[in-house]
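In what follows, a single structure is set out as C-alpha cells and then discussed.
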Amino acid sequence: MITERETTRGYSCWLPMVLLASAVSLLFLSTIAGPAGAAQATGERVTVYYFHSTVRCETCIFVEGLTDVTLQAEFPEELSNGTLVWRPIDVQLAENSHFVTDFGLRANELVVVREKTGENPSWEKIQEIWELARDPERLSHRLKDTVLRFLGKRETIL
C-alpha cells in the first residue's frame, strides 16, 4: 500500500508552481477569442481531456495542473486558434457520465482525441499517468509527444 507520504513526495515544490500557472493560464484563456480560425477552416480539432472525480487527491490535482502548464507552454498557438482544446471533466456530474463508457474510463485519466469532419474520432489514453506523476518531466514529455502526433506534427512510432 502506498502511504500518503509516498504519494506526495517530490510534489511539494511543483504543486504551488503548477497551481499558480494554471490560474494564470485560465485568466489568459478567458481574455482571448474562442476556438474559431484554423479549427473551423480545416474541420480538424484535437482535444485533451483530463477525466476526474469530484473529490480529488493532491496527485489528481497535480496531474491536471501539470497538463495545463504543459499545454500552455508547448501549444499556445494551437490553443488560441482552436486546433487544440483542453478540457478537464468531472465524470461524476450527470451530464459527463457518458464519457466513462465512451472511453472505457476506470480512474482519472488523460485522453487525447482527434476529430475531423466526416471521419470517426480517433483517441488514445496516455498510459501510466500515476507512475509518470512521480516524474513530472516524463509525464509532460509523454503528453507533448502524444499531442504532437495527434496534431500531425510527429510521425507515429510503432
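Here, each number is a calculation from the coordinates, and none is a lab measurement. All of these numbers come straight from a predicted model, not from anything done at the bench.
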Anisotropy class of the stretch 43-114 from Cα gyration tensor, a/c 1.5 cut:
oblate
Based on the alpha-carbon gyration tensor of the stretch 60-158 and its eigenvalue square roots a ≥ b ≥ c, which shape applies: rounded if a/c is under 1.5, prolate if not and a/b is larger than b/c, or oblate?
rounded
Using θ = phi - 60° and the Karplus curve 6.51 cos²θ - 1.76 cosθ + 1.60, what whole-Hz ³J(HN,Hα) does each residue of the stretch 88-95 get, with Gly and Pro shown as x?
x, 10, 7, 6, 7, 6, 3, 5
Work out how much length Ser122 to Arg56 would gain on full extension: take 0.36 nm times their residue separation and subtract the Cα-Cα distance, in nm to one decimal.
21.0 nm
Please give the contour-minus-distance gain from Glu74 to Lys153: 0.36 nm per residue of separation, less the Cα-Cα distance, rounded to one decimal in nm.
27.2 nm
